[in-house]
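A short worksheet on the structure shown next.
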Amino acid sequence: MRIFDPHIHMTSRTTDDYEAMYAAGVRALVEPSFWLGQPRTSPAAFLDYFDALLGWEPHRAAQYGIAHHCAIALNPKEANDPRCVPVLDVLPRYLVKDSVVAVGEIGYDSQTPAEDTALAAQLQLAADHALPALVHTPHRDKLTGLRRTIDVVRESALRPDHVLLDHLNETTVAEARESGCWLGFSVYPDTKMDEERTVAVLKTYGTEKVLVNSAADWGRSDPLKTRRVGEAMLAAGFDEDDVDQVLWRNPVAFYGIGGRLRLDVTPPQGPHEGNSVLRGGE
C-alpha cells in the first residue's frame, strides 16, 4: 500500500513518526502552514517557520525515505491577529519556491470579516502563482462555513477544481462535491472523522477527487490514520485500486497541478545547517 498524506504537520511530530510512517507505506506528504498552538507575535515568526518547512523538514523526511512538500499561507486563526496579517505581503517570496506545491491552509476558523479578507487575498495569490489551494473548513458551524467558503471560491480567480476543501464530514460533503472542488477528510482518534465514517462516505460518494489525511499535529492525533483508512476500505469491500486512488493517485493529481511535485527522494548528503537528526552514530 503506497500512501501520500496530503495534510500532516510534521513540525509537531518526532523522527519516530517518520520511521513508523515509512514502515506503514507513506512515501510522500504535504505539510501545510498552521497555527503553532500559541499566538505568533509578528510576521518574523512566520518567516522562520516557513524556512523550516522549506529546509529542515524536507531534510528530516528524506532521511526516512519520504518526499516532503509544503503549502505556505497565513492560517485562518491568525488571520484575525493584526500583528500577523502583514505576512500576506511576504507570501509571494515563498510561493515561488520549488517545494511549495499549494497555498494553504487558508479558509475559516471563526468566520470573521478578517478571515474573509485573508481567504480572498490568498486565493488570488494561488491564481497568480498557478498553484492549487488547500482550504480549511471550520470546525464550528461547518455547513454555514462551507457555503461561505464556496461563495468566496466562486468569486475568486481560482478554478474550483484547483481547490481542496478539507475537514469535511457527512454534513458538508454533498455541497462540497457539487461545488466542483476536491474533497478532503481528516481522520482523528477522537474528533473530526474516523475510519468507519470515512469509508461510509466513500461508499456513498465514490473515490473520485477524494483525499484522506491524518492532519496529525501537536494534539492527540495519529500519523498512521491514512494506513488505517486503507485497511478499513479493503475490509469493507473496496479493492486495492480504489485504495491506491484515494491514498496515492488523488493527492498526486491535486498537488501536481502546479507542476512542482517531485516524488523521488534523495538521501541527504551531510547535515542541514549543522544538524542531521541522527545522534551517536553519525
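Which of the residues that make up region 212-255 are among the aromatic types (Phe, Trp, Tyr) and either surrounded by 14 or more Cβ atoms within 10 Å (Cβ to Cβ) or touching a Lys or Arg at 6+ places or on another chain (Cβ under 6 Å) (or both)? Full working, then the answer.
If we filter region 212-255 for residues that are among the aromatic types (Phe, Trp, Tyr), which is where we start, we get 218, 238, 248, 254-255.
Selection gives Phe238, Trp248, Phe254, Tyr255.
Name the single residue, out of those in region 1-16 being assigned to a helix (DSSP H, G or I) and of a type outside the set (Asp, Glu), that is nearest to Lys225 (Cα to Cα).
Looking only at region 1-16, we keep the residues that are assigned to a helix (DSSP H, G or I), and these are 10-12, 15-16.
If we keep only those that are of a type outside the set (Asp, Glu) as well, we get 10-12, 15.
Values: Met10: 14, Thr11: 17, Ser12: 16, Thr15: 17 Å.
Top of the filtered list is Met10.
Considering only helices (runs of 4 or more DSSP H) fully contained in region 36-135, which possess at least 1 residues that are at positive phi? Steps first, answer last, please.
Values: elements: 43-54, 56-62, 91-95, 113-128.
Counting at least 1 such residues, we get no helices (runs of 4 or more DSSP H) at all.
Evaluate the following for Leu47: is it surrounded by fewer than 17 Cβ atoms within 10 Å (Cβ to Cβ) and modelled with pLDDT of 95 or more? Steps first, please.
On the way: surrounded by fewer than 17 Cβ atoms within 10 Å (Cβ to Cβ): yes; modelled with pLDDT of 95 or more: yes.
Spelling it out, Leu47 is indeed surrounded by fewer than 17 Cβ atoms within 10 Å (Cβ to Cβ) and modelled with pLDDT of 95 or more.
Sort out which residues of region 143-179 are in contact with a Leu (Cβ under 8 Å, 6 or more places away or on another chain) and either modelled with pLDDT under 95 or in a loop (DSSP other than H, G, I, E, B) (or both), and write them in order of number.
Across region 143-179, the qualifying residues are Ser156, Ala157, Leu158, Leu168, Thr171, Thr172, Ser179.
Are there any pairs, at least 6 apart or on different chains, whose C-beta atoms fall under 8 Å, with the first in region 249-267 and more than 15 Å from His7 (Cα to Cα) and the second assigned to a loop (DSSP other than H, G, I, E, B) and polar (S, T, N, Q), and if so, which?
So the pair list comes out as Arg260/Ser99; Arg262/Ser99; Pro267/Gln63.
Of the residues in region 11-43, how many are among the aliphatic types (A, V, I, L, M), at pLDDT 95 or above and closer than 24 Å to Arg93 by Cβ? Spell out how you get there, then give the answer.
Filtering region 11-43 down to residues among the aliphatic types (A, V, I, L, M) leaves 20-21, 23-24, 26, 28-30, 36.
Next cut, at pLDDT 95 or above only: 20-21, 23-24, 26, 28-30.
Now restrict to residues that are closer than 24 Å to Arg93 by Cβ: 29-30.
Number satisfying all stated conditions: 2.
The values are calculated or read from the model by the stated rules, or taken from the named source; none is laboratory data. Because the structure is predicted, anything quoted here is derived from the model rather than measured. Heads up, the Cβs are rebuilt from the backbone with ideal geometry, glycines too, and the neighbour counts pull from every protein chain shown.
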